[in-house]
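Asks: The structure's right below; bear with me while I get my questions together.
Please treat every number below as a calculation from the coordinates, not as lab data. All values reported here derive from a predicted model rather than from experimental measurement. Cβ placement follows ideal geometry from the backbone for every residue including glycine, while neighbour counts extend to all protein chains displayed.
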Amino acid sequence: MVVSINRNNNNIFSPQTIDELNNSFFQINNLISEYKPEPLEYKSNIQYINNSNSFIAENILCIRESFISQGVYDRFTKILELPKSVPYDVWCSAISEKSNFLTVHIKNKSVLVYGTSTPNEVFNIVIDIVLPN
């Protein structure tokens with residue numbers, strides 16, 4: 001998108017002011033079109049978990065998982081194994097696109113779910129866990 005002001009049919013600014021404004025717009029557009037972002041370096045070592053969007057950054061375990069529901073989980077059912085053990089119990093929810101939820105319990109390396117849902121419904125688990133050093 002190029003911004004400019006028509007010099008001929010303008011009763012608001014003088015022709016000199018319009019020329020200055022258009023020159024400034026042109027310079028700004030030039031800067032934007034020539035901008036090339038530099039790749040960023042992570043400040044901490046990041047370890048991605050195999051075949052997933054989850055990762056570990058220093059002492060933070062960032063879980064970003066999706067799974068397809070089997071329907072009814074009438075007891076806590078393991079759906080995922082973590083690469084690092086969590087030394088305390090963590091509770092959260094898995095939420096679907098239809099705003100349904102399942103209870104999630106993370107214990108040691110296991111991610112367990114409980115609740116009732118529609119079969120083949122996609123659920124997402126998003127949680128950050130601070131691990132002790």
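Asks: Could you check how many residues of the stretch 22-46 are under 30 Å from S66 (Cβ atoms) and free of Cβ contacts under 8 Å to residues at least 12 places away in the same chain?
Replies: Selection size over the stretch 22-46: 6.
Asks: Can you name every one of the strands (runs of 3 or more DSSP E) wholly within the stretch 26-111 that holds 3 or more residues which are under 24 Å from the mean Cα position of the chain (by Cα) and of a type in the set (A, V, I, L, M)? Explain how you work it out, then say what you get.
Replies: Numbers: elements: 46-48, 55-57, 60-68, 72-96.
By residue number, 60-68, 72-96.
Asks: Inside the stretch 95-131, can you point out the residues that are of a type in the set (G, A, S) and touching a residue at least 24 places away in the same chain (Cβ under 8 Å)? It would help to see each step written out before you state the result.
Replies: Step one: of the stretch 95-131, the residues of a type in the set (G, A, S) are 96, 99, 110, 115, 117.
S96, S110, G115, S117, listed by residue number.
Asks: Now, a different point. Considering only the stretch 25-77, state which residues are among the aliphatic types (A, V, I, L, M) and in contact with a Ser or Thr (Cβ under 6 Å, 6 or more places away or on another chain). Explain how you work it out, then say what you get.
Replies: Pass one, the stretch 25-77, residues among the aliphatic types (A, V, I, L, M): 28, 31-32, 40, 46, 49, 56-57, 60-61, 63, 68, 72.
The answer is A57, I63, V72.
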